[in-house]
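The values are calculated or read from the model by the stated rules, or taken from the named source; none is laboratory data. These numbers were taken from a predicted model, which means no experiment stands behind them. Cβ placement follows ideal geometry from the backbone for every residue including glycine, while neighbour counts extend to all protein chains displayed. Just so you know, the surface numbers come from the protein's heavy atoms only, side chains and all, with ligands and any DNA or RNA stripped out. Shrake-Rupley method; radii C 1.70, N 1.55, O 1.52, S 1.80 Å.
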Amino acid sequence: MISSTYTELLAAGPELVSLDARAVRTSIDVVSRLTAADLDAPTPCAGWALRDLLEHMIVQHYGFAAAARGEDDIALWKPQPLGDDPIAEYRAAAEQVLDAFAADGVLEQGFPLPEVRDGTVLPAPLSISFHFVDYVVHSWDVARALDLPVEFDEDVLAAALVVAQGVPDGDIRLAPNSPFAPIVPFEGSGLEQVLALLGRSPHWPH
C-alpha cells in the first residue's frame, strides 16, 4: 500500500526506488515504439519536438545517475544531440540510472543536483522522487507525441500523485526554465490528475 503523505513515501526508500524503476521501464517501452519520422513531432512540452524531449530525458538519466554517485559536474546535465539510434541511446541512459539507484547504500547518500536549488545536496529519497514523477509524466509526453496509450499500475499513480501534490505552485512556475507550468484546472483522477497538477493539459493537443 502506498503511503498517504509525501513524508511517508520518502521514508519508504526501497519502495520508492522500485516505483521509479517501473516508471522508467514504462518510458523505455514507449520510446521503443518511435521511428525516425517521429522525431520532429510536437510534444506536450511547450516548444519541444520529440527530439528535444528525448535529449532532455536522456541527459536527466545520466545526471541523476551521476548525482547518485556523488558527482556534481553541471556539464553532465547538458543535453547532447541525438545520434543515429535514439532508442538504443535512451535505453542505455535509462539502464544507467536504474543501476545507479539500485546500488547498495544509495538511499543513505546525498544527491548533488546542480540544476535544483543552486546545486544543493538533497537526500536520496527526495531526489529519486523528483526523477520518479518526471518519468511518469515524460512517459505520457512521449506517448502523446506518438499518439499512443500509456498505462501505469494504480500504486505507481498513487505515489506519483503524492509527489505531484508536494510540488510548489504559484509564481515559481512562471519563472524561466521552470520544470512545471501552473496547475491546469481539471476534474479527474489517476494519471490525468497527476498531469494537471504538474501543468499538463490531459487533453493535449486540444
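Please go through (1) surrounded by 13 or more Cβ atoms within 10 Å (Cβ to Cβ); (2) free of Cβ contacts under 8 Å to residues at least 40 places away in the same chain; (3) of a type in the set (Ser, Thr, Tyr) for Thr120 and return the number of the only condition it doesn't satisfy.
In the conditions (1) surrounded by 13 or more Cβ atoms within 10 Å (Cβ to Cβ); (2) free of Cβ contacts under 8 Å to residues at least 40 places away in the same chain; (3) of a type in the set (Ser, Thr, Tyr), Thr120 misses (1) alone.
Scan segment 144-161 for residues that are touching a helix residue (DSSP H, G or I) at 6+ places or on another chain (Cβ under 9 Å), surrounded by fewer than 18 Cβ atoms within 10 Å (Cβ to Cβ) and under 22 Å from Thr7 (Cα atoms) and jot them down.
Of everything in segment 144-161, those that are touching a helix residue (DSSP H, G or I) at 6+ places or on another chain (Cβ under 9 Å), surrounded by fewer than 18 Cβ atoms within 10 Å (Cβ to Cβ) and under 22 Å from Thr7 (Cα atoms) turn out to be Asp153, Asp155.
Run down Asp141, Asp99, Asp134 and say which single residue is under 30 Å from Leu34 (Cα atoms), open to solvent by 50 Å² or more (accessible area, probe 1.4 Å) and touching a residue at least 12 places away in the same chain (Cβ under 8 Å). I'd like the intermediate steps shown before the answer.
Numbers: Asp141 fails: open to solvent by 50 Å² or more (accessible area, probe 1.4 Å); Asp134 fails: open to solvent by 50 Å² or more (accessible area, probe 1.4 Å).
The unique qualifying residue is Asp99.
Only one of Ala175, Ala164 is aliphatic (A, V, I, L, M) and surrounded by 20 or more Cβ atoms within 10 Å (Cβ to Cβ). Can you tell me which? Working first, answer last.
Numbers: Ala175 fails: surrounded by 20 or more Cβ atoms within 10 Å (Cβ to Cβ).
On inspection, the qualifying residue turns out to be Ala164.
Check Ser127 against each of (1) among the hydroxyl-bearing types (Ser, Thr, Tyr); (2) open to solvent by less than 40 Å² (accessible area, probe 1.4 Å); (3) without any contact (Cβ under 8 Å) to a residue 12 or more places away in the chain and name the one condition it does not meet.
Here Ser127 meets the rest and fails (3).
If you go through segment 87-110 one residue at a time, how many are more than 16 Å from the chain's Cα centre (by Cα) and either assigned to a loop (DSSP other than H, G, I, E, B) or within 25 Å of Phe180 (Cα to Cα) (or both)?
Count: 6.
Could you run through segment 25-48 and say how many residues are in contact (Cβ under 8 Å) with a residue 60 or more places away in the chain and of a type in the set (Ser, Thr, Tyr)?
Final tally of qualifying residues: 3.
Just the residues that are more than 25 Å from Asp99 (Cα to Cα), aliphatic (A, V, I, L, M), surrounded by fewer than 21 Cβ atoms within 10 Å (Cβ to Cβ) and touching a helix residue (DSSP H, G or I) at 6+ places or on another chain (Cβ under 9 Å), please, taken from segment 35-88.
Ala36, Leu39, Ala41, Ala49
Mind telling me which of the residues Pro205, Pro182 ends up being touching a strand residue (DSSP E or B) at 6+ places or on another chain (Cβ under 8 Å) and either in contact (Cβ under 8 Å) with a residue 12 or more places away in the chain or of a type in the set (A, V, I, L, M, F, W, C) (or both)? It would help to see each step written out before you state the result.
Values: Pro182 fails: touching a strand residue (DSSP E or B) at 6+ places or on another chain (Cβ under 8 Å).
Unique residue meeting the criteria: Pro205.
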